[in-house]
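Quick notes on the structure that follows.
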Amino acid sequence: MPLNPYRIMWLFVFFDLPVKTKTNRKDYTIFRKRLMKDGFTHMQHSVYLRHCGSSESSEAHTRRVKGFLPPKGQVSILRITDKQFGMIENFVGKQTAPPIREPQQLEMF
């Protein structure tokens, strides 16, 4: 089923990359920096997320991430709707954490 091109989406990237060798650590660092340069925000250790204004935008960012995958390790990409994301519950310890808010800045292509 094709994604609705007008639906607001959230894009998650989860990864488990090796860091035992100097080359592994360099690949890990490059991957993280590229995620951040592409507008992803660090949510938790090895979990980054990005707000996308449409399904089309989320598909473009997914292709971009696939283009700079590191040579080793596991990377998972998950797309969810804004409505689904709104049901997330975040906690810091036993305290409810404030919700992650949609960015206020508009994307210009």
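What follows is calculated from the coordinates using simple rules that are stated; it is not laboratory data. Values in this document were obtained by computation on a predicted structure and should not be read as measured data. Glycine also receives a Cβ, built like all others from the backbone with ideal geometry; neighbour counts cover every protein chain displayed.
Scanning the stretch 43-80 for residues that are assigned to a helix (DSSP H, G or I), free of Cβ contacts under 8 Å to residues at least 24 places away in the same chain and not hydrophobic (A, V, I, L, M, F, W, C) returns ARG63, LYS66, GLY67. In the stretch 55-90, of all residues being in contact with a Phe, Trp or Tyr (Cβ under 6 Å, 6 or more places away or on another chain) and of a type outside the set (A, V, I, L, M), the one that is surrounded by the fewest Cβ atoms within 10 Å (Cβ to Cβ) corresponds to SER76. Residues in the stretch 26-46 that are at positive phi and either out of contact with any Leu (no Cβ under 8 Å at 6 or more places or on another chain) or not small (Gly, Ala, Ser) (or both): GLY39 alone.
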